[in-house]
Amino acid sequence: MVKETGAAYIQFKTWSGLPIPFALQERMLLEIERALELSCDSFDVHVAERIFVNHSFQVRGYARCHFQAMKPVIGADGSVYLCAQKRTDPSGRIGNVHQDSLSGIWNGARRREVIDRLDLSGCP
């Protein structure tokens, strides 16, 4: 379906550290094999290597998340979340574009508070 829309590529990846039930992982890997057969000059199929490893842990050598600066999310209602992992989580909401400018939200006190309270142990 994605190829038929004219898209140039599709990417498959999992959230790091979240285990997938064995039966579902088996089914996913079969479907990924089918998807890889669709790769051609005009359509690439990208598969993140970690999708083949099914584990429930993640070792972090850091205590502060800097990736959030590259993955903010703006919801349909205008709510701005720190990152994709925090979307729809009230603790990750840093503002609303209908009430403030994106620049104001991004450089505001609420974003700094959310970053300072971010607990990486519960973050995928």
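The values are calculated or read from the model by the stated rules, or taken from the named source; none is laboratory data. Since we're looking at a predicted model, the values are computed, not measured. Cβ: placed from backbone, ideal geometry, glycine included. Neighbour counts: every protein chain shown. Side chains included, ligands, DNA and RNA excluded: accessible areas come from the protein's heavy atoms. Shrake-Rupley method; radii C 1.70, N 1.55, O 1.52, S 1.80 Å.
Rolling a 1.4 angstrom probe over the protein chains, ignoring ligands and nucleic acids, what is the accessible area of residue 13 in square angstrom, nearest 10?
My reading of the accessible area for residue 13 is about 110 Å².
Among the aspartates and glutamates, which fall within straight-line cross-link reach of residue 86, defined as a Cα-Cα distance under 16 Å, with same-chain neighbours fewer than 8 residues apart omitted?
Counting by Cα, and skipping residues close in sequence, residue 86 has these aspartates and glutamates nearby: 77, 113, 116, 119.
Please arrange 123, 40 by accessible surface area, largest first, computed with a 1.4 Å probe and ligands excluded. Kindly include the intermediate steps, with their values, before the conclusion.
Values: 123 25, 40 55 Å².
Descending order: 40, 123.
Where Lys and Arg each count +1 and Asp and Glu each count -1, what net charge lies around residue 90 among other residues with Cβ under 15 Å from its Cβ? Kindly include the intermediate steps, with their values, before the conclusion.
Numbers: positive: 86, 87, 93, 110, 111, 117; negative: 77, 89, 113, 119.
Here the count lands on +2.
Using amide H atoms built in the peptide plane, which far-off residues or other-chain residues are under 5 Å from residue 12 H to H?
Hits under the 5 Å cutoff: 46, 47, 48.
Which distance in nm do the two modelled labels at residue 40 and residue 121 give, with both placed 7 Å along the Cα-to-Cβ direction?
Simple spin-label model gives 5.2 nm for this pair.
Reachable aspartates and glutamates from residue 13, Cα under 18 Å, same-chain residues fewer than 8 places away excluded?
Result set, ordered by chain and number: 26, 31, 33, 37, 44, 49.
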